[in-house]
1. Being out of contact with any Leu (no Cβ under 6 Å at 6 or more places or on another chain), part of a loop (DSSP other than H, G, I, E, B) and at pLDDT below 90: is that true of G38 here?
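The values are calculated or read from the model by the stated rules, or taken from the named source; none is laboratory data. As the structure is a computational prediction, the values presented were derived from the model and not from experiment. Methodologically, a virtual Cβ is constructed for each residue, glycine included, from the backbone with ideal geometry; neighbour enumeration extends over all protein chains shown.
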Amino acid sequence: MADQADPLSAANRLRWRCRRGMLELDLLLAQFLDTRLGQLSERDLACFLNLLDRPDADLWAQLCAAPGDSGALGARLLAMVRERA
């Protein structure tokens, strides 16, 4: 697959997916990518991609929720994104 041959291109596509309809999400997700992308395990990256599939309002609500309110799915990754806020 081309992503494996060109990690920069894959990172750019991921950055594009992080562009949202909410400026707050754009800023938060871009900062997270800048600081944590290289540290994510494959499992964390898959979870992050799953989070990006959610509507903006749902994703923002989860990021603003108290850490215990996130549920098991993505709780660790949501905490990592919140750290960047």
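1. No; evaluated as a whole, the condition is false for this residue.
Listed here are the residues, each with its yes/no results for (1) over 10 Å from the mean Cα position of the chain (by Cα); (2) modelled with pLDDT under 90.
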| site | (1), (2) |
| --- | --- |
| A2 | yes, yes |
| A10 | yes, yes |
| R13 | yes, no |
| W16 | yes, no |
| L28 | no, no |
| P55 | yes, no |
| C64 | yes, yes |
| A75 | yes, yes |
